[in-house]
Amino acid sequence: MTEALYHTDAYLKEFDAVVTAVEGNAVALDRTAFYPGGGGQPNDVGTLTDGARTWTVAKTRKAGADVRHEVEGDPPAVGTKVHGAIDWDRRYRLMRTHTAMHILCGVIFRDYGAPVTGGNMEPLRGRMDFEFETMRQAHPRGGLQKQGEDQ
């Protein structure tokens, strides 16, 4: 079971861990700061190093109770102590984009009553889909206009 450090410290950039399982080119660690993706937010990427060798982490994903880190090249063996470093510039841009998209969701729902139906996000770019069939006219003073209320 991987301890999800990203749940307790979203600003953690580096960490130490031990490889607990290897499956193909994917390794599970006892703990990680790499976010595996989910809820519309992409996974983290970065590097793992054992001091002598460095592996690029191209993708991270959930696999049951573990987070699998897909590395380029032959993976480190079970029991290897590694130092992980996430691509912080990318993570921070994703965090900013994620926050902005939540704000947009709230404003569109508050002012037009339209819930989000889908979306996609990349660092500093995003797309949101809204349910336009339920969209209502915004009140000129903010919020939704109530039936029978004068504009």
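Brief remarks on what is shown
- Within the set (i) 35; (ii) 18; (iii) 13, the number that percent of Cα pairs over 29 Å apart takes when calculated for this structure is listed as (i).
- Rounded, prolate or oblate (a/c below 1.5 giving rounded, otherwise prolate when a/b exceeds b/c) for segment 92-134 by Cα gyration tensor: oblate
- Taking other C-beta atoms within 10 angstrom as a stand-in for reagent exposure, I108, I86, I103 fall in the order I103, I108, I86, fewest first.
- Contact order normalised by residue count of the chain, Cα under 8 Å, 6+ apart, percent: 20 percent
- When the chain is described by a simple charge dipole with +1 on each Lys and Arg Cβ and -1 on each Asp and Glu Cβ, the residue from T60, P76, M135 located farthest towards its positive end is M135.
- Dividing the mean sequence gap of close Cα pairs (under 8 Å, 6+ apart) by how many residues segment 92-134 holds gives a relative contact order of 40 percent.
- Rotationally averaged projected area of segment 3-86 (alpha carbon convex hull; nm²): 4.9 nm²
- Helix 88-112 axis, angle to the chain major axis (alpha carbon atoms, nearest 10°): 20 degrees
- By the beta-carbon count within 10 Å of each Cβ, the least crowded to most crowded order of L124, L29, L5, L104, fewest first, is L124, L104, L5, L29.
- In the chain, lysine pairs closer than 30 Å at Cα, eight or more apart or cross-chain: 5
- Neighbour-count ranking [beta-carbon atoms within 10 angstrom, fewest first] of T134, T32: T134, T32
Any read-out appearing in this document is the output of simple, stated calculations on the displayed coordinates, not a laboratory observation. Quick caveat, the model's predicted, so the values are computed rather than measured. Cβ: placed from backbone, ideal geometry, glycine included. Neighbour counts: every protein chain shown.
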